[in-house]
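Below is one structure, written out as structure tokens, with a few remarks after it.
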2 protein chains.
Amino acid sequence: MNIVTSIEKISQICSDWRSQGMTIGLVPTMGFLHRGHMSLAEAAVKDNDKVVMSIFVNPTQFGPNEDFSRYPRDMGADIKAAYKAGVDLVFCPTVEEMYPEGYQNYVEPGSLTTYLCGKSRPGHFRGVCTVVLKFFNIVTPDNAYFGQKDYQQFVVLKRMVKDFNLPVNMHCMPIIRESDHLALSSRNVYLTAEQRQAAPKLFAALSETRQMYADGEDNAAVLEQRIREIISGYPDARIDYIAIADKDTLEPLTNIKNGAVIALAVWFGNTRLIDNILL
Amino acid sequence: MNIVTSIEKISQICSDWRSQGMTIGLVPTMGFLHRGHMSLAEAAVKDNDKVVMSIFVNPTQFGPNEDFSRYPRDMGADIKAAYKAGVDLVFCPTVEEMYPEGYQNYVEPGSLTTYLCGKSRPGHFRGVCTVVLKFFNIVTPDNAYFGQKDYQQFVVLKRMVKDFNLPVNMHCMPIIRESDHLALSSRNVYLTAEQRQAAPKLFAALSETRQMYADGEDNAAVLEQRIREIISGYPDARIDYIAIADKDTLEPLTNIKNGAVIALAVWFGNTRLIDNILL
């Protein structure tokens, strides 16, 4: 497995692969890998001749008061995990390599970023889109793999790919969960023991609304209220948002007709967790 | 010569060329071709196996009070000229093909757009960068050709290419002029006979400052004042800006040490002309 920090070098390697007619899969990550990331890598290994995993904690997608500096990092463990998953190349550039002096171009995504996480994290998707566009141009992947846990991220990136005519197939992979159904996240390590015990209630609340919907309840306000009740039972939990929205446009729904995404973000102390289900 | 309006079709053609190992040159234009455009096409034909010329009056780079709707168009003549120049493919999409319903991603360029034309045309370079990024992704050119007349455009695009890690070589080709030294521009057709007679004074003013600089005058204010005097002699001319700036950063200079660009934009009635020289 190759470990590359230079854009020039990885571009050369990927260009060589391309000229040999090989397909390339890309798994963009911020490292501190868990089984969720691994499931993306495994899908990529299955679908492509060569697989690149990027490991880069991208400063431009963090707000000034967010957790960029304390975001968990463990490059040694990540490299072992990537190797074990069959990744061919780990790309782990420095911030200076990605954003050299004088850097000034960003992607300006649109209305899809005004909903859900975009509301409480202004500039977040601008940073996500910018770094992913750069990775796409550097790696020239045929396929790119993202987790459904960051559902809005996937929808926003897919729209960017369409709008900018990028020749990349976008794959949204299922959420991987702990045995108690907490969605895997690198940020779960921030949780105290008590918070960790309460956190599975997010998925419990989502599951209950899925059942209510299956039983005929299609009123979004009623479903949202039920989620709010369940989560409010935990004094340490503070709801950022609960959204019942169109799967493609992310616009809020009043009644669910043709499917929906139910997404939420909840603070446990200083830790913000997200989860979602598709109906 | 192929004439293509569909993104899907041109992507396929360019992808086929690539897989045969051919190099591709791109000449992005807004049509109403003149010898300036032709010089770009000729350079592209010389350097590349295949040459694509895009002809697209891009609405996103025009302000609400600018000349998008009346911008001169002549697709019949353009196609003849492209054919004569040896272009292999003319790409002339509709606005709907380039910006379909729900379109929402743009390039947000940076500080380079705060100077010169960027000051009086807010959003202009956002539109230019966006459409050129799209063309680059659709055509995947090795080389792209732009005219020095739009010098700031070239500097802004070159920075975008660098920042977004686009694998495209950027070529800035010399300004082509009429026999009286007026820089060729599709907008010259807007000029009245009197305006047309006065317009060559732009280059005359630039040339005089070049001579002053050669004779030892390196004070930007002095050079600018001389240009202002020459142009103010024409009552129908209204100066938008005169800038003496660093060639790379476009920051204004007070003294010229290591070269400069002297750029100007001047209104003749409702027609805004630009010109520049490099020292």
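Values quoted throughout were computed directly from the atomic coordinates according to the rules given, and no laboratory measurement underlies them. No experiment lies behind these values; they were computed from the predicted model shown. Using ideal geometry, Cβ is built from the backbone for each residue, glycine included, and neighbour counts are taken over all protein chains shown.
Determine the alpha carbon to alpha carbon distance for each of B:LYS158/B:LYS201; B:LYS119/B:LYS149; A:LYS162/B:LYS9 and list only those over 20 Å.
On the way: B:LYS158/B:LYS201 30 Å; B:LYS119/B:LYS149 17 Å; A:LYS162/B:LYS9 15 Å.
Beyond 20 Å between Cα atoms: B:LYS158/B:LYS201.
For chain B, what is the relative contact order in percent, using Cα pairs closer than 8 Å and at least 6 residues apart in sequence?
In percent, rounded to a whole number, it is 18.
Work out the mean other chain Cβ neighbour count within 10 Å for the residues of A:96-109 and drop it here as an integer.
Counting Cβ atoms of other protein chains within 10 Å of each residue's Cβ and averaging gives 5.
Once both labels are modelled 7 Å past Cα along the beta-carbon direction, what's the B:SER120-A:LYS247 spacing in nm?
With each label placed 7 Å out from Cα toward Cβ, I get 5.2 nm.
Calculated FRET efficiency, A:ASN270 and A:HIS181, Cβ-Cβ r, R0 22 Å, to nearest 0.05?
0.45
By the gyration tensor of its Cα atoms, with a ≥ b ≥ c the square roots of the eigenvalues, what is the shape of the stretch A:90-173: rounded for a/c under 1.5, prolate for a/b over b/c, or oblate?
Oblate shape, in that a/c is at least 1.5 and b/c is the bigger or equal ratio.
Quickly estimate the mean residue ellipticity at 222 nm for chain A, helices only: each DSSP H run with n ≥ 4 gives -39500 (n - 2.57), and the total goes over all residues, rounded to 500.
So the calculated ellipticity at 222 nm is -11500 deg cm²/dmol.
Tell me, what is a quarter of the convex hull surface for the C-alpha atoms of the stretch A:108-260, in nm² with one decimal?
Averaged projected area of the stretch A:108-260's Cα convex hull equals 10.2 nm².
Once each part is reduced to its C-alpha centroid, what is the distance from the stretch B:45-66 to the stretch B:254-269 in angstrom?
First find each Cα centre; the distance between them is then 25 Å.
Under 19 Å from the Cα of A:LYS84, which lysines turn up, not counting those fewer than eight places away in the same chain?
A:LYS84 reaches A:LYS46, A:LYS50.
At 1.306 mPa s and 10 °C, plugging the Kirkwood radius over alpha-carbon pairs of the protein assembly as shown into Stokes-Einstein gives what diffusion coefficient in µm²/s?
Numbers: Rh = 26.2 Å.
Rounded, D is 61 µm²/s.
Rg(Cα) of the stretch B:186-273 divided by 2.2 N^0.38 Å?
Against the compact-globule rule of thumb, the ratio is 1.12.
Which aspartates and glutamates does A:LYS80 reach when only Cα atoms under 17 Å apart count, and residues fewer than 8 places away in its own chain are ignored?
Reachable aspartates and glutamates: A:GLU42, A:ASP88.
Could you rank the peptides A:31-39, A:129-137 by their average count of other C-beta atoms within 10 Å per residue, with the highest value first?
Numbers: A:31-39: 20.2, A:129-137: 24.0.
Packing order, densest peptide first, comes out as A:129-137, A:31-39.
Please find the FRET efficiency linking B:VAL95 to A:ASN169, where r is the Cβ-Cβ separation and R0 is fixed at 22 Å, and quote it to the nearest 0.05. Display every interim value, and only then the final one.
Details: r = 27 Å, r/R0 = 1.22.
For B:VAL95 and A:ASN169, the calculated efficiency is 0.25.
I need the Kirkwood Rh of chain B: take the reciprocal of the average 1/r across all distinct C-alpha pairs and report it in angstrom.
19.7 Å
How many nanometers, to one decimal and shortest first, lie between the label point of A:ILE3 and those of its other copies, if labels sit 7 Å from Cα toward Cβ?
5.8
What residue of chain B has the nearest C-beta to the axis that moves B onto A, and what is that distance in Å, given as a whole number?
Value returned for chain B: B:GLU108, 2.
With a cut-off of at most 15 other beta carbons within 10 Å, and DSSP calling the residue loop, which GluC sites (Glu not before Pro) in the stretch A:6-86 qualify? Please list them.
Passing sites in the stretch A:6-86 are A:GLU66.
Which trypsin sites (Lys or Arg not before Pro) from the stretch B:38-72 combine a DSSP loop assignment with at most 11 other Cβ atoms within 10 Å?
B:ARG70
Report, please, the projected area of the stretch B:1-103 averaged over directions, based on the convex hull of its C-alpha atoms, in nm². Write out the running numbers ahead of the final one.
On the way: hull surface 28.6 nm².
Average of the hull's projected areas for the stretch B:1-103 equals 7.1 nm².
As a test of the definition: which semi-axes, in Å, follow for the stretch B:34-181 when you take the square root of five times each eigenvalue of its alpha carbon gyration tensor? Largest first, please.
The answer is 23, 18, 18 Å, longest axis first.
Measuring nothing but label to label, 7 Å from Cα along Cα→Cβ, what are B:ASN219's distances to the other copies in nm, shortest first?
8.0
Using only the alpha carbons of the stretch A:129-213, determine the length spanned along each of the three principal axes and report them from longest to shortest in whole angstroms.
Its Cα atoms span 44, 33, 18 Å along the three principal axes.
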